[in-house]
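J.: Quick one: this structure, given as structure tokens, is what I'll be asking you about.
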Amino acid sequence: MSISNLHKYKFFMTCLLAVLLASCTPSKRHYLIGVSQCSEDSWRSKLSAELEQSTYFNEDVSVVLRSADDNIEQQRKQIQELVDMNVDLLIVSPQQTGNLSDVVSIAMEKDIPVILFDRKTGADNYTAFIGADNYLIGQMMADYAADQMGRRGNIVEIAGEHNSSPAIERHMGFNDAISKYPDIHIIGYAEGDWKQRSGEEAMKKILSELYPTKDGNLQPGPEINCVFGGNDRMAVGARVALEYFKQTHPDASFINPSKTIYLGVDALPTPGGGMQKVSEGVLTVSAIYPTHGDELMELALNILNGKSYEKETQLETSLVTQSNARVLLMQYKEIESQIQYIKRMHARVDTILGQLDTERIILFGIIGMTLILAVFSIITVRAYRIKQQLNQELFRKNEELNEEKAVVERQRDQLEEQCDQLLDMTEKLKVSAVNEGKKTDAPQATSPSSPQPTPLQDHHGEENRFVDRFLLYVDDHLSDSDLSVEDIGADLGLSRVQLYRKIKTMTGKTPVEIIREERLKRAKVLLEDSSLSISEVAYKVGFSAPSYFTKCYKDYYGKAPSGK
Ligand code: FRU
């Protein structure tokens with residue numbers, strides 16, 4: 001393959017690789033959203049689960065969750081970590097107001113949008129807020145309670161965590177609304193930390209303040225008609241404390257746990273949540289405090305994708321009472337089973353996508369290999385054709401060469417014979433010239449080259465032995481294509497002319513003829529007894545051109561040589 005072709009192939013392979021890589025690279029931008037939860041409980045778990053589920057429908061988003069377990073310093077550290085991770089957006093539910101606005105500002109300065117949800121920091125430096133209207137929830141609770149109480153009676157309030165925005169707003173909404181009812185009085189107030197145990201402790205504290213013990217005797221006090229808990233768990237805790245008080249003070253007529261109205265907030269539809277507590281009659285009413293992870297994710301994506309969004313989004317709320325709790329629970333169960341189904345489908349889709357990915361890689365691999373094979377096949381076929389052309393060319397050249405060799409070989413033989421004849425004639429002429437001279441200048445001298453007179457028999461015996469030596473020599477050197485009469489003579493101790501004469505006299509044939517005959521005889525034997533080809537035999541018996549061998553063979557045996 002030429003250099004330019006090689007470059008073309010290299011370029012082709014590079015393009016192919018680039019196309020394969022490009023088709024494997026996701027083109028859409030992927031977003032990482034950091035979520036900082038202030039605490040851990042069933043309400044937060046539900047929200048986190050909803051956020052993760054919404055990523056099923058937004059493949060280009062992933063969520064990293066952190067939970068501070070009601071520890072402000074921990075939450076500050078976790079937010080800082082998320083900022084350092086360079087998340088694309090932060091979702092924060094701050095534990096208390098006034099404590100985390102500084103670290104939120106750091107994120108905002110780094111151009112990381114911040115969504116506050118459910119709770120506020122107390123500062124304005126955030127991108128958007130999403131949550132229910134806690135002031136309204138407080139108001140709704142107050143109006144419902146007033147209605148149930150016949151607009152008269154006493155209420156105990158157990159507020160949520162000190163300094164947290166939902167606790168403050170619910171308290172304000174509730175108190176503002178209650179103040180419209182002159183015959184309703186809030187006779188006790190304590191704060192909890194949103195957990196059931198804290199509701200219980202807060203209630204115990206209020207009871208000990210309302211009904212102190214003097215000299216071992218319980219002092220009577222105002223009747224408790226209603227308990228407003230900052231959330232469902234604290235309201236349940238308050239009821240537990242009230243029931244315990246009644247058990248330990250059965251004569252306390254001002255305490256009647258089963259007739260008391262219990263108000264809570266959250267109305268979680270999950271097992272053991274507020275909705276179930278209302279349906280079981282443990283709580284009288286609860287307000288839905290929605291999690292709505294789906295809406296939270298939609299807001300986040302609108303911000304990330306530069307779409308329009310509301311800075312303040314208020315999620316709707318509604319009261320859950322004994323008349324609708326069962327229906328709402330049934331609906332939730334239905335939705336939950338749909339969610340589980342979607343989860344299973346998602347897992348299946350994930351598996352299928354994983355398989356598809358593998359298959360895609362295999363497919364690209366096969367396509368790549370096929371193309372590489374195709375390229376190599378083309379190269380091989382081309383190389384094979386070139387080789388064939390070269391072989392043909394070589395064969396043709398070889399034929400030409402053989403022809404030339406045959407001509408040269410024939411001419412060489414002819415020349416050798418002519419040379420022998422010429423030398424012989426020259427010698428004869430020389431001898432006759434000498435003899436002429438002797439006739440005139442007697443006494444006569446013998447020619448230096450003429451053989452010495454020997455007894456006839458000895459002479460013949462010697463000559464025969466010489467011919468045998470000659471033949472033996474020829475047989476030994478048959479395969480030598482350069483074997484010349486000159487060399488044989490030198491090796492046998494005779495001049496070329498002497499050798500020629502001797503052989504010619506004894507056999508009637510020239511040395512060249514005898515050498516050729518010996519070669520042809522050996523060739524005949526080889527052709528009959530071995531599996532060698534005609535050319536191989538020709539070379540073996542000292543011919544350098546097979547075509548010349550064929551000609552000589554035909555002249556000698558009257559038929560062309562044929563192999564076995
Ligand atoms: C959950 C929770 C809810 C409450 C909300 C107020 O952590 O305590 O029970 O309604 O937070 O932010």
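The values are calculated or read from the model by the stated rules, or taken from the named source; none is laboratory data. Treat the numbers as computed from the prediction; the structure is a model and nothing was measured. Cβ sites come from the backbone with ideal geometry, for glycine too, and all protein chains shown count toward neighbours.
J.: I'd like to know if segment 243-262 contains one or more residues that are outside any helix (DSSP H, G or I) and within 16 Å of the ligand (Cβ to nearest atom). If you could, list the steps in order and put the result at the bottom.
T.: Let us first name the residues in segment 243-262 that are outside any helix (DSSP H, G or I), namely 249-256, 260-262.
Subset that is within 16 Å of the ligand (Cβ to nearest atom): 262.
Checked against the condition, which is being outside any helix (DSSP H, G or I) and within 16 Å of the ligand (Cβ to nearest atom), segment 243-262 yields at least one hit.
J.: Could you list, in sequence order, the residues of segment 168-200 that are buried (at least 18 other Cβ atoms within 10 Å of the Cβ), within 16 Å of the ligand (Cβ to nearest atom) and either outside the structural domain of V236 (by TED's automatic domain parsing) or part of a helix (DSSP H, G or I) (or both)?
T.: If the condition is that a residue be buried (at least 18 other Cβ atoms within 10 Å of the Cβ), within 16 Å of the ligand (Cβ to nearest atom) and either outside the structural domain of V236 (by TED's automatic domain parsing) or part of a helix (DSSP H, G or I) (or both), then I168, E169, R170, H171, G173, F174, Q196, S198, G199, E200 are the ones that fit.
J.: Can you pull out every residue in segment 338-361 that is free of Cβ contacts under 8 Å to residues at least 12 places away in the same chain and hydrophobic (A, V, I, L, M, F, W, C)?
T.: Initially, segment 338-361 is screened for residues free of Cβ contacts under 8 Å to residues at least 12 places away in the same chain, giving 338, 340-341, 344-345, 347-359.
Within segment 338-361, M345, A347, V349, I352, L353, L356 meet the criteria.
J.: So, in segment 37-69, of the ones that are part of a loop (DSSP other than H, G, I, E, B) and acidic (D, E), which residue ends up nearest to the ligand (Cβ to nearest atom)? Spell out how you get there, then give the answer.
T.: Residues of segment 37-69 part of a loop (DSSP other than H, G, I, E, B): 38-41, 55-60, 68-69.
Then drop every residue that is not acidic (D, E), which leaves 40-41, 59-60, 69.
Working: E40: 8, D41: 5, E59: 29, D60: 29, D69: 11 Å.
That would be D41.
J.: Can you tell me which residues in segment 229-241 are touching a helix residue (DSSP H, G or I) at 6+ places or on another chain (Cβ under 6 Å) and either closer than 16 Å to I178 by Cβ or within 16 Å of the ligand (Cβ to nearest atom) (or both)?
T.: Within segment 229-241, G229, G230, D232, R233, M234, V236, G237, A238 qualify.
J.: Check whether at least one residue in segment 145-158 is free of Cβ contacts under 8 Å to residues at least 60 places away in the same chain, crowded, with 19+ Cβ neighbours inside 10 Å, of a type in the set (A, V, I, L, M) and in the same structural domain as A202 (by TED's automatic domain parsing), and report yes or no. Lay out the reasoning, then the answer.
T.: From segment 145-158, those free of Cβ contacts under 8 Å to residues at least 60 places away in the same chain are 146-147, 150-152; that's our starting set.
Then keep just the ones that are crowded, with 19+ Cβ neighbours inside 10 Å; that gives 146.
Remaining after also requiring of a type in the set (A, V, I, L, M): 146.
Okay, now just the ones that are also in the same structural domain as A202 (by TED's automatic domain parsing), so 146.
For segment 145-158, residues free of Cβ contacts under 8 Å to residues at least 60 places away in the same chain, crowded, with 19+ Cβ neighbours inside 10 Å, of a type in the set (A, V, I, L, M) and in the same structural domain as A202 (by TED's automatic domain parsing): present.
J.: How about segment 492-538: which of its residues are small (G, A, S) and outside any helix (DSSP H, G or I)? Talk me through it step by step, then tell me what you get.
T.: Taking segment 492-538 as the starting set, the residues that turn out to be small (G, A, S) are 493, 495, 508, 523, 530-531, 533, 535, 538.
Of everything in segment 492-538, those that are small (G, A, S) and outside any helix (DSSP H, G or I) turn out to be G493, S495, G508, S530, S531, S533.
J.: Could you check G122 against (1) under 53 Å from the mean Cα position of the chain (by Cα); (2) within 16 Å of the ligand (Cβ to nearest atom); (3) at pLDDT 95 or above and say which number it fails?
T.: Tallying (1) under 53 Å from the mean Cα position of the chain (by Cα); (2) within 16 Å of the ligand (Cβ to nearest atom); (3) at pLDDT 95 or above, G122 fails exactly one: (3).
J.: Another question, if that's okay. Please verify whether M108 is more than 35 Å from the chain's Cα centre (by Cα), more than 15 Å from the ligand (Cβ to nearest atom), at pLDDT 95 or above and at negative phi, treating the condition exactly as stated. Show your work before the answer.
T.: Working: more than 35 Å from the chain's Cα centre (by Cα): yes; more than 15 Å from the ligand (Cβ to nearest atom): yes; at pLDDT 95 or above: yes; at negative phi: yes.
Taking the combined requirement at face value, the residue satisfies it.
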